1. Rounded to the nearest 500, what is the chain's calculated 222 nm mean residue ellipticity when only DSSP H runs of at least 4 contribute -39500 (n - 2.57) each, over all residues?
2. Given points 7 Å out from each Cα along the Cα-Cβ axis, report the residue 142 to residue 82 separation in nanometres with one decimal.
3. Label the range 1-44 by shape, choosing from rounded, prolate and oblate, from the square roots a ≥ b ≥ c of the eigenvalues of the Cα gyration tensor; if a/c is under 1.5 it is rounded, and otherwise prolate applies when a/b is larger than b/c, oblate when it is not.
4. So how many Å³ per residue does the convex hull of the Cα atoms of the chain work out to?
5. Calculate, in nm to one decimal, what residue 223 and residue 200 gain on full extension: separation in residues at 0.36 nm each, minus their alpha carbon distance.
6. Compute a Gaussian network model of the chain, connecting alpha carbons closer than 10 Å, and tell me which residue from 161, 200, 41 fluctuates the most.
7. Work out the P(r) tail for the range 6-110: percent of alpha carbon pairs separated by more than 24 Å, whole number.
8. Which whole-angstrom value gives the distance between the alpha carbon centres of the range 168-227 and the range 36-61?
Ligand SMILES: CC(C)(COP(=O)(O)OP(=O)(O)OC[C@H]1O[C@@H](n2cnc3c(N)ncnc32)[C@H](O)[C@@H]1OP(=O)(O)O)[C@@H](O)C(=O)NCCC(=O)NCCS
């Protein structure tokens with residue numbers, strides 16, 4: 001399979017998501033690939049090494065390609081001081097990667113932020129559950145048949161990572177896994193209640209999930225609401 005190429009574009013309720021294939025080895029990204037980025041992104045990428053370089057480039061290619069689906073040409077999206085891609089105010093977008101794939105979601109912002117996360121199906125490690133889940137979520141998980149519990153945990157984990165990315169521009173601090181409670185339905189959405197330790201908000205939080213090409217993709221869209 002050719003690498004650094006779009007694997008898919010999907011229209012989702014939160015925006016266009018594009019996935020880009022990544023090489024399995026951390027070889028330096030070829031100049032021909034770097035030239036598809038904005039010049040400042042390419043300069044930034046040249047300072048990175050190994051898989052970090054591969055993933056950064058894949059994420060930026062996915063961002064550009066998703067934006068192009070909406071008829072938008074992005075200026076250089078360098079990381080901001082907290083690690084998020086810096087985007088023009090009219091654009092909402094987010095990036096996630098795994099070893100051989102990078103995904104990005106892009107939408108018109110309309111006053112909202114986006115977070116996206118991609119997860120692969122890995123062997124179960126249920127011991128992490130208390131670190132990720134609040135007591136009510138743990139209880140809901142334990143009520144499921146044992147064979148369904150790991151996926152239910154990964155789903156909540158992924159939605160929380162998406163929440164982290166979407167809420168960061170508002171709170172600008174580390175948000176812990178116990179600061180959100182997630183209750184997924186069976187139709188690709190989840191109810192989210194925030195328990196932010198500094199009482200920020202209120203926020204309207206919309207969470208979605210889907211299995212796309214064998215991987216879990218979650219996204220969260222957040223807007224501030226009137227108190
Ligand atoms: C920041 C964090 C969410 C990134 O997730 P990850 O699984 O490590 O990595 P992913 O590949 O999914 O995402 C990496 C991308 O996240 C984005 N990102 C990093 N920091 C970010 C921030 N503060 N805000 C928004 N996006 C951010 C970047 O685009 C980065 O890719 P890039 O550097 O190539 O641009 C994760 O490292 C973390 O700290 N998680 C713990 C906190 C948490 O999830 N709390 C739950 C709150 S309910």
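Just so you know, all these numbers are worked out from the coordinates, no wet-lab data involved. For clarity, every value in this text was computed on a predicted model and none was experimentally measured. Virtual Cβ from ideal backbone geometry, glycine too; neighbours counted across all protein chains shown.
1. After summing the helix terms and dividing by the residues of the chain, the value is -9500 deg cm²/dmol.
2. Going by the 7 Å Cα→Cβ label model, 3.4 nm.
3. oblate
4. Numbers: hull volume 29.6 nm³, N = 227.
It is 131 Å³ per residue.
5. Extra length available between residue 223 and residue 200 comes to 7.0 nm.
6. Maximum among the listed residues: 200.
7. On the way: 859 of 5460 pairs.
That tail contains 16 percent of the Cα-Cα pairs.
8. If you average the Cα positions of each part, the centres end up 28 Å apart.
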